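**Student:** Structure in structure tokens, see below.
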Amino acid sequence: MIRELAEYERLSHEVVGGPEGLEEHLFGARPAAEAVIAEAGGEPIGFALFFTTFSTFLCRPGLWLEDLFVRPEHRGNGASLGPARARRRVVRRNGSARRSWTGDRPCRSMQEV
């Protein structure tokens, strides 16, 4: 699905990582990020990848959503809600002060989550 996301964003030429990097950085001794997979009928249809940030002003962690991808045939039917709900659980578990997205969207306080 990472390659599908890259194709959608016309960035396929930038995909240089592979399964070994995912194994190490998602499931290794010091995970750098977390991911959740959305499924339908036991098949993966989307994912969200996120990692912890830290606010020196708030003295609390935050959560950065790096990628949210749903396969085209499953878009518009609520498939992204699974990863979104899982991400909110992680935010609450970590006591995160805010969550952020890539792009031009501003940070949102936890009161808006």
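The values are calculated or read from the model by the stated rules, or taken from the named source; none is laboratory data. Just so we're clear, the structure is a prediction, and the values are computed from it rather than from any experiment. Please note: Cβ atoms are built from the backbone with ideal geometry, for glycine as well, and neighbour counts cover all protein chains shown.
Here is a yes/no grid of residues against (1) surrounded by 11 or more Cβ atoms within 10 Å (Cβ to Cβ); (2) within 15 Å of the chain's Cα centre (by Cα); (3) not in a loop (DSSP other than H, G, I, E, B):
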site: His13; (1), (2), (3): no, no, yes
site: Val16; (1), (2), (3): no, no, no
site: Leu22; (1), (2), (3): yes, yes, yes
site: Arg30; (1), (2), (3): no, no, no
site: Ala38; (1), (2), (3): yes, yes, yes
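**Student:** I need the full set of residues from the stretch 27-65 which are under 14 Å from Ile2 (Cα atoms) and either touching a His at 6+ places or on another chain (Cβ under 8 Å) or hydrophobic (A, V, I, L, M, F, W, C) (or both), in order please.
**Tutor:** Scanning the stretch 27-65 gives Ala35, Val36, Ile37, Ala38, Ile45, Gly46, Phe47, Ala48, Leu49, Phe50.
**Student:** Taking the stretch 1-11, which residues are in contact (Cβ under 8 Å) with a residue 60 or more places away in the chain and part of a loop (DSSP other than H, G, I, E, B)?
**Tutor:** Met1
**Student:** Take Ala48 and tell me if it is surrounded by fewer than 15 Cβ atoms within 10 Å (Cβ to Cβ), aliphatic (A, V, I, L, M) and touching a Phe, Trp or Tyr at 6+ places or on another chain (Cβ under 9 Å).
**Tutor:** Working: surrounded by fewer than 15 Cβ atoms within 10 Å (Cβ to Cβ): no; aliphatic (A, V, I, L, M): yes; touching a Phe, Trp or Tyr at 6+ places or on another chain (Cβ under 9 Å): yes.
In short, no.
**Student:** Can you find a residue in the stretch 86-99 that is exposed (fewer than 11 other Cβ atoms within 10 Å of the Cβ) and modelled with pLDDT of 80 or more?
**Tutor:** no
**Student:** In the stretch 52-66, what residues are surrounded by fewer than 18 Cβ atoms within 10 Å (Cβ to Cβ) and part of a strand (DSSP E or B)?
**Tutor:** Taking the stretch 52-66 and keeping what is surrounded by fewer than 18 Cβ atoms within 10 Å (Cβ to Cβ), we get 52-61, 64, 66.
Within the stretch 52-66, Thr52, Thr53, Phe54, Ser55, Arg60, Pro61, Trp64, Glu66 qualify.
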